[in-house]
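Below is one structure, written out as structure tokens; the observations come after it.
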Amino acid sequence: MSILIDRTKRVLVQGITGREGQTRARLMQEYGTQVVAGVTPGKGGQQVNGVPVFDTVQEAWEMVGALDVSVLFIPAPIVKSAALEAIDAGVKLLVIVPDRVPIFDVLEIADAAKRTGARFVGPNTLGVLSPGKAVLGMIGGRAASARSWFFPGPVGITSRSGGITSSMAYYLAQEGIGATTLVHVGGDVVVGLPHPEVVKLFQSDSETKAIVMFGEIGGSQEEQVADLVEADEVTKPIVAFIGGKAAKSGTRFSHAGAIIEGNRGTYKGKVERLREVGVTVVETFGELPQATLAILKKHGISL
Amino acid sequence: MARLHEYQGKSLLKEAKIPVPNGGPARSPEEAKALAEEIGGAVVVKAQAWVTGRAELGAIRFVDTPAAAAAAASAILGMQIKGYLVDTVMVEGKLDIKREFYAGVIIDDQSQAPVIIFSRIGGSGIEEIAEKYPDAVVRLVIDIQRGLQDHQARDLIRQVGLHGKLQLSLGNLLTRLYGVARRYDARAAEINPIVLTPEGKLFAADCRITIDDYAVYRHPELGIEIAREFDRPPTELEIIAWQVEKNDYRGTFYFIQLERGFSPGEGMIGFHGAGGGGSMMSMDAVLNRGYKLANFVDTSGNPPASKVYRAARIILAQSGIDGYFASGSGVASQEQFHSARGLVKAFMEHPLTVPAVIRLGGNAEERAMAIMERAQGEIPAPIESYGKDDSPEFCAERLDTLIQNYRRPTMKPAGKVHPEPQDPYTFETVTNGTVILDHAACLDCETKICIDTCVPGILSLEGEVPMLNITHEQAKRGGCIECLACEIECYFEGNQGGHIILPIPGLDRV
Ligand code: SF4
Ligand code: SF4
């Protein structure tokens, strides 16, 4: 199994006629994702890579049937309206790729999603990829690269950095460790599916045997994961790396999340809290593959 | 995040009918004096700077007369506080304080909602107060649809034991504060302290409002120069970089100077990252080798070659750097040859005179590395490029070695200059760039490589020369994605038919 995406999911692409939308729709199709419809207001009736384009999500739903997922390639100022449209139409999983979405817009999306039981990955996410199955968003960039970089295996990967999502999976793969699913939770402060939610999904996925997490300074996602482990809600072994050790307090890099707020959110605070509950935290990114191998071995998990 | 000055924040509070002391900003002692006269009686003169602990630094002064206000202003204006040059003071009527409270609205990542916080004890050291007297502080998650209801606000105040008219007016203040936060897309909006006077009136004595960077475009009325967090005013280079970012929506370019006024030999590295996570690890790798970072740059999210070029030019404008380190996540989704072309163009024009290590792992990395290698002979300083199988630590080690073994040229070599075109065919690009194809050179060109390598395929052969196969307007609207192939690939084939001028307003002056 895998989480969030596999070959059976029927996927809509909002903004499919744009530069990014077109390119990424092709990546998804070539990798194996069932892209069944696209939506761009005012461009209904066209086709993109053989995918029919509709004016509204409701129309797409009526014409092609139920939609499991919508991937959004939409300019940030109108992401809210596109996301609410998908939620209203009944789509239960959204992948919001663009960055710079105003935070109050994200809060409104989160609120609407909660009310209808929908979920969203992002914003500011590269997406989700289940090796050998399907991809949402743009992880891997090209299908051929994605096929040569990632392969299936026992580890669930969750990351707050887009580039690092691929890097982790690639460097693990070099050691022979494959993955069930790669999730880039998104780089913003408020994201729909933060680490603790993704980790819970991995916990209930039977094929995921261990979890590898790339955390970052700022926010409380990693501390929340520690809380889950402490409460025994997550029992699978976790290996983590926290980025931003050298970052100056108050200096913010391009991830909106990397802000140090009080004690919560500091490098030291996160590492200590995770170690306290038994999570393996490595000091350098380079140690991650070996540490993961060791954990798998210790738990008798075969590759 | 874009922080507002106290006086700016107070004008928003006032607009929302939250009482603030009488007063306003002054930029000279005369203005301060005039304001003090207008206010009458004792006033306070406060430096407008984003630092805490202004009072201890002598940047907040209480005075009794307009003349003393002028003197206080002249002492404070021009002060350097934690690297911040004070150019504005705020002059306000002095409040009689009976009691102080705290109120704040912040966005909470865990509840994915705004949260309002109220403390029945306010004033400086609010964080310690909250720790010491947890019972004094109450919080409530706000429903984004309904907003903060009056009864919720009053009940929050009730929970810390405040009643009667005070409860009503504090409740009122909280709902208005939330209104300001929501209306102006604030990431955080705090009033500290809220002062209760002996007459029973409430005033917002100080405030801190931070606007969401991503929503700054909705609030042109706030006049925010750079929608980025700085704990000091932006530098000249940062303003130039922000203009580049603002005028080009493709990908992200972030630039911040971490050190200034350094000279060669101090171990400062011009840092060029791609993606937050990869950048952080790459920075750690450089720092662990004992170097310092002159700046932080991130070009990510699939930026065009032109944006990477401009970023590199801005990094190189910091003349005292000893090395250039470009490194991202290592396994980038974007096609890396765009970045390689941007870097190479900058390195050849500006000529790079310090060693550079470029880690370009990701899609099409072989092509990207080939471009870097091809450029080596054209650049006075050594460059090495690496792909996804080389770690940031290894790359930082290589940079260290190159720097150790490098002797800077005593004379700055001239950069690559383009010959005057004999038969120019030109069109404009989306960022006010100009593509010049010298059809006189193109006539003799055998490969016509620009046509095959132009990423969007907008060049076609007409007669013996490349021309746009779209209109000039389409090219300007973004049809030409500024992939720089028609300059770089052409040049590497031994021709000089293509040249792209990409202006960076203001950079020549630095
Ligand atoms: S490669 Fe250069 S010289 Fe040749 S046709 Fe293109 S622009 Fe002209
Ligand atoms: S004309 Fe084509 S090759 Fe030249 S910069 Fe524009 S997109 Fe690139």
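The values are calculated or read from the model by the stated rules, or taken from the named source; none is laboratory data. Just so it is clear, the model here is predicted, and its values are computed rather than measured. Positions of Cβ are backbone-derived with ideal geometry, glycine not excepted, and every protein chain shown enters the neighbour counts. Keep in mind that these areas ignore ligands, DNA and RNA; they rest on the heavy atoms of the full protein, side chains included. Shrake-Rupley method; radii C 1.70, N 1.55, O 1.52, S 1.80 Å.
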Taking a temperature of 37 °C and a viscosity of 0.692 mPa s, what whole-number D in µm²/s does Stokes-Einstein yield for chain B with Rh from Kirkwood over alpha carbon pairs?
125 µm²/s
Using only Cα atoms, what is the ratio of the radius of gyration of the range A:150-298 to 2.2 N^0.38 Å?
0.95
From the Cα trace of the range B:219-321, what convex hull volume per residue do you get, rounded to a whole Å³?
108 Å³
Phi to ³J(HN,Hα) by Karplus 6.51 cos²θ - 1.76 cosθ + 1.60 over the range B:323-331, Hz, x for Gly, Pro:
x, 10, 10, 10, 7, x, 6, x, 10
Could you work out, residue by residue across A:137-150, how many beta carbons of other chains sit within 10 Å of that residue's beta carbon, and then give the average as an integer?
3
Considering only protein heavy atoms, what is the solvent-accessible area of B:Phe347 at a probe of 1.4 Å, reported in Å² to the nearest 10?
0 Å²
How many angstrom lie between the Cα centre of the range B:43-96 and the Cα centre of the range A:110-189?
51 Å
How many percent of DSSP beta bridges within chain B run antiparallel, rounded to 5?
75 percent
Trypsin sites (Lys or Arg not before Pro) restricted to DSSP loop in the range B:1-59 with at most 12 other C-beta within 10 Å:
B:Lys17
Shielding by partners - mean other protein chain Cβ count within 10 Å, residues of A:152-164:
4
Scan the range B:107-154 for trypsin sites (Lys or Arg not before Pro) in coil per DSSP, keeping those whose Cβ has at most 16 other Cβ atoms within 10 Å, and list them by number.
B:Arg146
Between beta-carbons, use under 10 Å as the cut-off and find the net charge around A:Phe285, counting Lys and Arg +1, Asp and Glu -1.
-4
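What does the net charge come to around A:His299 if you take all other residues with beta carbon closer than 13 Å to its beta carbon, with K and R at +1 and D and E at -1?
+4
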Portion, in percent, of the accessible area of the protein assembly as shown that falls on carbon or sulfur, probe 1.4 Å
50 percent
So how exposed is B:Tyr217, as accessible area in Å² (1.4 Å probe, rounded to 10)?
120 Å²
Cα centroid separation, the range B:415-434 to the range B:448-510 (Å)
9 Å
Long-range amide H contacts for B:Ile211: which residues qualify at under 5 Å (H placed 1.01 Å from N, peptide plane, sequence gap of 5 or more or a different chain)?
B:Ala2, B:Arg3, B:Leu4, B:Arg187
Excluding B:Val465 itself, calculate the net charge of residues whose Cβ lies under 10 Å from the Cβ of B:Val465, where each Lys or Arg counts +1 and each Asp or Glu counts -1.
-3
Rg followed by Dmax, in Å, when the range B:236-404 is reduced to its Cα trace
14.0, 39
Hey, got the dipole for the range B:343-442? About the Cα centre, +1 on K and R Cβ, -1 on D and E Cβ, debye to the nearest 20?
320 debye
To the nearest 10 degrees, the tilt of helix B:150-159 (Cα long axis) against the first principal axis of the alpha carbons of chain B is 70 degrees
Counting all Cα-Cα pairs in the range B:401-510, those more than 23 Å apart amount in percent to 36 percent
Once phi for every residue in the range B:455-465 is put through the Karplus expression 6.51 cos²θ - 1.76 cosθ + 1.60 (θ = phi - 60°), the whole-Hz ³J(HN,Hα) values, with Gly and Pro written as x, are 4, x, x, 9, 10, 9, 7, 10, x, 10, 10
Inside 10 Å of the C-beta atoms of B:211-222, what's the mean count of C-beta atoms belonging to other chains?
4
Answer in debye to the nearest 20: the dipole magnitude of chain B about its Cα centre, from +1 Lys/Arg and -1 Asp/Glu charges placed on Cβ, is 2000 debye
I'd like to compare A:6-12, A:92-98, B:385-391: which one has the highest average count of other Cβ atoms within 10 Å, and what's the full order after that?
A:92-98, B:385-391, A:6-12
Given the protein chains as shown and a 1.4 Å probe, how many square angstrom of B:Cys454 are accessible, to the nearest 10?
20 Å²
Treating the angle as unsigned and between 0 and 90°, give the value, to the nearest 10°, between the Cα long axis of helix B:392-404 and the longest Cα principal axis of chain B.
70 degrees
Provide A:Leu182, A:Leu293 ordered by accessible surface of protein heavy atoms (probe 1.4 Å), highest first.
A:Leu293, A:Leu182
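Would you please give the FRET efficiency between B:Val51 and A:Ile78, computed as 1/(1 + (r/R0)^6) with r the Cβ-Cβ distance and R0 = 41 Å, to the nearest 0.05?
0.60
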Helix A:267-276 against the longest principal axis of chain A: what's the angle in degrees, Cα atoms only, rounded to the nearest 10?
70 degrees
Hey, if we sort B:His350, B:His151 by accessible area with the 1.4 Å probe, largest down, what's the order?
B:His151, B:His350
Between chains A and B, what is the buried accessible area in Å², counting both sides, with a 1.4 Å probe and ligands, DNA and RNA left out, to the nearest 100?
4800 Å²
Rounded to 5, the percent of DSSP beta bridges in the protein assembly as shown classed as antiparallel:
55 percent
Are there any residues in the range A:211-246 with a reduction of at least 40 Å² in accessible surface when going from the isolated chain to the assembly of protein chains? Probe 1.4 Å, please list them by number.
A:Gln224, A:Ala246
Please report how far the C-alpha centroid of the range B:282-311 lies from that of the range B:173-202, rounded to the nearest whole angstrom.
40 Å
